[in-house]
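Novice: Sharing a structure below in structure tokens format, with a few things to ask.
The values are calculated or read from the model by the stated rules, or taken from the named source; none is laboratory data. In this text the structure is predicted, and so the values were computed from the model without any measurement. Reconstructed Cβ throughout: ideal geometry from the backbone, glycine too, with neighbour counts over all protein chains shown.
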Amino acid sequence: MLKKIGTVELKPGMFVVDTGISWLENPYLYAHEGLVGSESDVRRIRDEGYLEVFIDTRRSLFGRDPDGVSDEEILSGALQQLEDPGVLEPQVPVAEEMRKATVLYDTTVRYARGIMDEMRDKGVVDMSEAEPLVDSMLGSITRNTNALVGLAKLRNVDEYTYTHCINVGLLSMVFGRHLGFGPVTLARLGLAGLFHDLGKARIPDDILKSPRRLSPDEFEVMKGHPGIGFEYMRERGGVPEEVLEGVYEHHEKHNGLGYPRGLRGEQISVAGRILAVVDVYDALTSRRVYKEPMLPHKALSLMYGMRGQDFSPGLVERFIRCLGIYPVGSVVELNTGQRCVVSEANLRNPLQPRVLIVHDSKGRPCSPRPLDLAGQTAVRIATCLDPVGVGIDPGRALGAM
């Protein structure tokens, strides 16, 4: 399994992994894949200024995970140690909510595009529509969480900047609801997510879209974007404290290696901690010009390896419990060969979600048919697939239920 450690803990015999995490915002993450051969290799990595590294415990020469146990099984075992969160039953079928959610999502994309363009071109933003849109998203989440969560997976790579802001907002509300927060706090988490990257609109494109590792001076400019958004919103006045905290602190890390202030542990606000988790998840699972998306279950497994380093202990586990090891909208293949879209997570047994069969065992499209894997003894998920690669539209499938 993947695990994130400080380079001060790196030893010969550990296997370093390139996870594909953006180096734009992680320039101190060493990612040259391979076995660390000697103490001189370790010293060289530290001398070059790298502070963190991902290792694969299965491919390292010591401290290895048990053979034959998948990452998903390890995650499932960890989640079983958490308290039962209870199940928030949907108020309406997902197909019914999907129609409303699609219109709402598209409307919010247009708004997000508008505010980022305004911030870039004029340095001012019309925030008047934000609260009604966030309230509408919260209403949709309350009626049936799976509709908007499923739509969050359907991204146009050219609109990443806008869809990322929306997804961080809606997933922060989904996560906050799972944690038991009330509607006022949830709406503030949604606003913080919607505006969390507002400051990036003022970062020069040659830095924001750089195809190479940033220089120390360039990274200092990049690190300024949370502060730019925070200062703009604070000066406007009337913005709730939780929103300001989420915008300012979404890149802070539990171990103190984040930015802009290098806060550590409990110094980071609740909003900052929640947005940090959601921000990384959506970035990992997004298709970008320079990278393919990471499959959701792999992203969650990677983030599990970051617990106690980037994220507060226990928070990632609860986020995985919230979304499920196979989040809604994931495309999976069963051991029968049938291909499915995950339609509902199973909080009590994360390896057995409800799915919608959309391809038969020979890979041919078929009429969607629901299947609850919790009621199956011989049928299980064999692997997770890239929806684009197999020609499956999760949103359309969920809307047809």
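Novice: Here is a list: Tyr259, Tyr232. Which entry is in contact (Cβ under 8 Å) with a residue 60 or more places away in the chain and over 18 Å from the mean Cα position of the chain (by Cα)? Reasoning before the result, please.
Specialist: Working: Tyr259 fails: in contact (Cβ under 8 Å) with a residue 60 or more places away in the chain.
Just one listed residue meets the conditions, Tyr232.
Novice: Checking the condition in a loop (DSSP other than H, G, I, E, B) and of a type in the set (Lys, Arg), which residue from Arg318, Arg348 passes?
Specialist: None of the others qualify; the one that does is Arg348.
Novice: To continue, here is another question. Can you tell me how many residues in segment 19-36 are in a loop (DSSP other than H, G, I, E, B), modelled with pLDDT under 90 and over 22 Å from Met222 (Cα atoms)? If you could, list the steps in order and put the result at the bottom.
Specialist: Filtering segment 19-36 down to residues in a loop (DSSP other than H, G, I, E, B) leaves 19-28, 31-33, 36.
Cutting the leftovers down to modelled with pLDDT under 90 gives us 19-28, 31-33.
If we keep only those that are over 22 Å from Met222 (Cα atoms) as well, we get 32-33.
Number of matching residues: 2.
Novice: Phe195 fails exactly one of the following numbered conditions: (1) crowded, with 20+ Cβ neighbours inside 10 Å; (2) farther than 24 Å from Arg113 by Cα; (3) not basic (Lys, Arg). What is the number of that condition?
Specialist: Only one criterion is unmet by Phe195, namely (2).
Novice: Out of the residues in segment 231-260 that are among the charged types (D, E, K, R) and in contact with a Phe, Trp or Tyr (Cβ under 8 Å, 6 or more places away or on another chain), state the one that is surrounded by the most Cβ atoms within 10 Å (Cβ to Cβ).
Specialist: Glu252
Novice: Check segment 59-77 and report whether any residue there is modelled with pLDDT of 75 or more and surrounded by fewer than 18 Cβ atoms within 10 Å (Cβ to Cβ).
Specialist: Yes, that holds for at least one residue.
Novice: In the list Thr377, Thr336, which residue meets the criterion of being more than 21 Å from Gly150 (Cα to Cα), without any contact (Cβ under 8 Å) to a residue 24 or more places away in the chain and polar (S, T, N, Q)?
Specialist: On the way: Thr336 fails: without any contact (Cβ under 8 Å) to a residue 24 or more places away in the chain.
It is Thr377.
Novice: A further question follows. Just to check your reading of the model, which residue among Leu373, Leu351, Leu347, Leu356 is touching a strand residue (DSSP E or B) at 6+ places or on another chain (Cβ under 6 Å) and either outside the structural domain of Leu300 (by TED's automatic domain parsing) or surrounded by fewer than 12 Cβ atoms within 10 Å (Cβ to Cβ) (or both)?
Specialist: Being touching a strand residue (DSSP E or B) at 6+ places or on another chain (Cβ under 6 Å) and either outside the structural domain of Leu300 (by TED's automatic domain parsing) or surrounded by fewer than 12 Cβ atoms within 10 Å (Cβ to Cβ) (or both) holds for just one of Leu373, Leu351, Leu347, Leu356, which is Leu356.
Listed here are the residues, each with its yes/no results for (1) assigned by TED's automatic domain parsing to the domain that holds Asp197; (2) in contact with a Lys or Arg (Cβ under 8 Å, 6 or more places away or on another chain); (3) not hydrophobic (A, V, I, L, M, F, W, C).
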residue	(1), (2), (3)
His225	yes, yes, yes
Ile228	yes, yes, no
Arg234	yes, no, yes
Gly238	yes, no, yes
Glu241	yes, no, yes
Gly258	yes, no, yes
Arg261	yes, no, yes
Gly265	yes, no, yes
Ala271	yes, yes, no
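Novice: OK, next. Exactly one condition in (1) at pLDDT below 90; (2) closer than 26 Å to Leu191 by Cα is false for Tyr259; which is it?
Specialist: Result: Tyr259 passes all but (1).
Novice: I'd like the full set of residues that are within 9 Å of the chain's Cα centre (by Cα) and either at pLDDT 95 or above or in a loop (DSSP other than H, G, I, E, B) (or both), limited to segment 283-310.
Specialist: Of everything in segment 283-310, those that are within 9 Å of the chain's Cα centre (by Cα) and either at pLDDT 95 or above or in a loop (DSSP other than H, G, I, E, B) (or both) turn out to be Thr285, Ser286.
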